[in-house]
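All of the numbers you see were taken from the coordinates with simple rules; none came from a lab. These numbers come from a predicted model, not from an experiment. FYI the Cβ positions are ideal-geometry reconstructions off the backbone, even for glycines, and counts take in every protein chain you see.
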């Protein structure tokens, strides 16, 4: 499985202005943890409207990851009305992601 993370990320003000529920998934395409968690995230987030899940490339000098204090990959940040409502770091099962998704109401 090849993950395609967006190298050009949204800015923090743009993320805070989002009105629809979103899932920001921070990581990189070469990260083994990201690759292992991808099928779990795919299963748990299936059925979300197109564009609801944003793969954000993270690393040194990436402002959005620093704004969210991302330390480990993958980190999934669940946003509703521009505010973080849940976070899942290095998920190992679908249930943790589904539990966070439920808080979006999506």
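Among the residues of the stretch 70-84, are any without any contact (Cβ under 8 Å) to a residue 40 or more places away in the chain, part of a helix (DSSP H, G or I) and under 22 Å from residue 7 (Cβ atoms)? No - not one qualifying residue is present in the stretch 70-84. Looking across the stretch 35-50 at every residue that is over 15 Å from residue 106 (Cβ atoms) and under 13 Å from the mean Cα position of the chain (by Cα), the one that is surrounded by the most Cβ atoms within 10 Å (Cβ to Cβ) is identified as 37.
Annotation note: of 25, 99, the sole residue that is crowded, with 19+ Cβ neighbours inside 10 Å and not in a loop (DSSP other than H, G, I, E, B) is 25.
Selection of the stretch 45-61 for residues being out of contact with any strand residue (DSSP E or B) (no Cβ under 9 Å at 6 or more places or on another chain) and touching a residue at least 40 places away in the same chain (Cβ under 8 Å) yields only 49.
Of everything in the stretch 1-22 that is within 19 Å of residue 86 (Cβ to Cβ) and more than 11 Å from the chain's Cα centre (by Cα), the residue that is surrounded by the most Cβ atoms within 10 Å (Cβ to Cβ) is 15.
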